[in-house]
Ligand SMILES: [Fe+2]
Ligand SMILES: [Fe+2]
């Protein structure tokens, strides 16, 4: 199908989607969350397959890199995370160089897992749930807490309110009441220091020329992340379905 050159971006996107709907043997599905906001969720309709013999996709999306049958955490890094995974490697490298414990290094490596591979909103809460069955309780707790702690400085610990947040959210931004509540809880918690260290190492202006590599963390992950034998997603924990959703995000059901 020819797409007219003069079409607007959204017309071109619609035309491409139309083309895809017609040519892929199985039609990938979009969750309401994918488009909510761009579209009013009350009007989001899943169009039926366009051609005779076409069905909805009920497996991995063929447009995505194929994952191994028994995926490991590192496979998710390699096949399902956005380029911002570099931010995770940079934070973990910073923690490694600062001589932090393996728990803290792992927490830094995974703290924004949800942002770079799953769901951005409430990312600390999501990431904590995703990894909780596989890591020390303190690591998951700290990742959950980092979301709130990022908004509150602790000069003594070497953490100032991020300049970047002023740019991103404006001078007057005030965290939501639940964030403030969770900050207060975290501040009084025995693992506050661990969560605070995530924020101290959570940096965006780290040397841009620094070479960071997942290889530096393979052993730490091996010692501190309980990789399920069946593969992450195909095991049976309260988080398995989240990993499966990352494997096959456009599966119809
Ligand atoms: Fe974060
Ligand atoms: Fe971060």
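What about residue 85, is it exposed (fewer than 11 other Cβ atoms within 10 Å of the Cβ) and within 30 Å of residue 10 (Cα to Cα)? No. Number of residues in the stretch 22-81 that are under 28 Å from residue 231 (Cα atoms) and part of a helix (DSSP H, G or I): the value is 10.
Looking at the stretch 118-127, can you tell me whether even one residue there is modelled with pLDDT of 95 or more, in the same structural domain as residue 176 (by TED's automatic domain parsing), buried (at least 24 other Cβ atoms within 10 Å of the Cβ) and more than 10 Å from ligand 1 (Cβ to nearest atom)?
Let us first name the residues in the stretch 118-127 that are modelled with pLDDT of 95 or more, namely 118-127.
After this cut, where a residue has to be in the same structural domain as residue 176 (by TED's automatic domain parsing) as well, the list is 118-127.
Right, trim to buried (at least 24 other Cβ atoms within 10 Å of the Cβ) and you get 124, 127.
Now narrow it down to the ones that are more than 10 Å from ligand 1 (Cβ to nearest atom): none.
Scanning the stretch 118-127 turns up no residue that is modelled with pLDDT of 95 or more, in the same structural domain as residue 176 (by TED's automatic domain parsing), buried (at least 24 other Cβ atoms within 10 Å of the Cβ) and more than 10 Å from ligand 1 (Cβ to nearest atom).
If only residues of the stretch 88-111 that are in contact (Cβ under 8 Å) with a residue 60 or more places away in the chain and under 21 Å from residue 247 (Cα atoms) are counted, the one that is surrounded by the fewest Cβ atoms within 10 Å (Cβ to Cβ) is 109.
Within the stretch 220-253, the set of residues being under 14 Å from residue 76 (Cβ atoms) and not in a loop (DSSP other than H, G, I, E, B) comprises 221, 240, 242, 243, 244, 245, 246, 247.
The values are calculated or read from the model by the stated rules, or taken from the named source; none is laboratory data. Remember, predicted model here, so these are calculated numbers, not experimental data. Methodologically, a virtual Cβ is constructed for each residue, glycine included, from the backbone with ideal geometry; neighbour enumeration extends over all protein chains shown.
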